[in-house]
Amino acid sequence: MDSDLLYLQSRFELIVSSVKENAMNLHGAFAVKQAHATVLIAAGERTIRERMMEPVQSTSENKMIMLYALTGPGTILTLTAIAVLTRMGLAGLTTNDGPHGLTEILFAFATSFGKNGQAFAGLSANTLFYNVGTAIAMMAGRFALVIPALCFAGLVARQKITPRSSGTLRTDSLSFGILLTAFLIIVTALSYLPVVTLGPVLGHLQFKI
């Protein structure tokens, strides 16, 4: 009886030690798998963060492009609207009003933005209002265009070189030339077509009639 109890006790202790060893092995394997999964999750989160940062850079570049494209129309049309809506602006029209007067005001600010400025004979531009207004247009044409252009160049310079793929739009291709030309025409037309219609086009039709 005692020998049987000793045998059973030894077998029980052997089974318990075997279970403990297997449990430790399972725990170790689980720990290794958990560490491996943690590494994979961290790598995936890093990749996601890197990919999430890429659109931010592209968004910044697009903002600089749109700021550069809208600086001209925003400056010229804003100054023209102020001149048309104020007495000081309308006081500069000496001989013409209506559509032709709007054309004279628009031409004065547009040429000031693009170069040193010109004016029709019917617009007396040597006044405080037009001296300040055309000076603002000249400053915007010089510096307001340079700042977004330099920012855009800095963003492009920080980009990494990526290999060319099937989705790359080459700048020396016909597709890029057509796309750029269409963009310039559409943006320019949407910016200036309303005021050109109310000024030169309407003035020309009035003279025809």
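Every read-out reported here was derived from the displayed coordinates using simple, explicitly stated rules and does not represent laboratory data. Everything quoted here is computed from the prediction, not taken from an experiment. As a convention, Cβ positions derive from the backbone with ideal geometry for all residues, glycine included, and neighbour counts pool all protein chains shown.
Structure above, values below:
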quantity: Calculated FRET value between residue 78 and residue 166, using beta carbons and R₀ = 45 Å, to 0.05; calculated: 0.55
quantity: Neighbour-count ranking [beta-carbon atoms within 10 angstrom, fewest first] of 104, 61; calculated: 61, 104
quantity: Sequence-separation-based contact order of the stretch 78-209, relative, with Cα cut under 8 Å and 6+ spacing, percent; calculated: 25 percent
quantity: Segments 108-121, 136-149, 169-182 sorted - mean Cβ within 10 Å per residue, highest first; calculated: 108-121, 136-149, 169-182
quantity: Computed FRET value (nearest 0.05) for residue 131 with residue 173, which takes r as the C-beta separation and R₀ as 45 Å; calculated: 0.45
quantity: Volume of the Cα convex hull of the stretch 54-191, divided per residue and given in Å³; calculated: 137 Å³
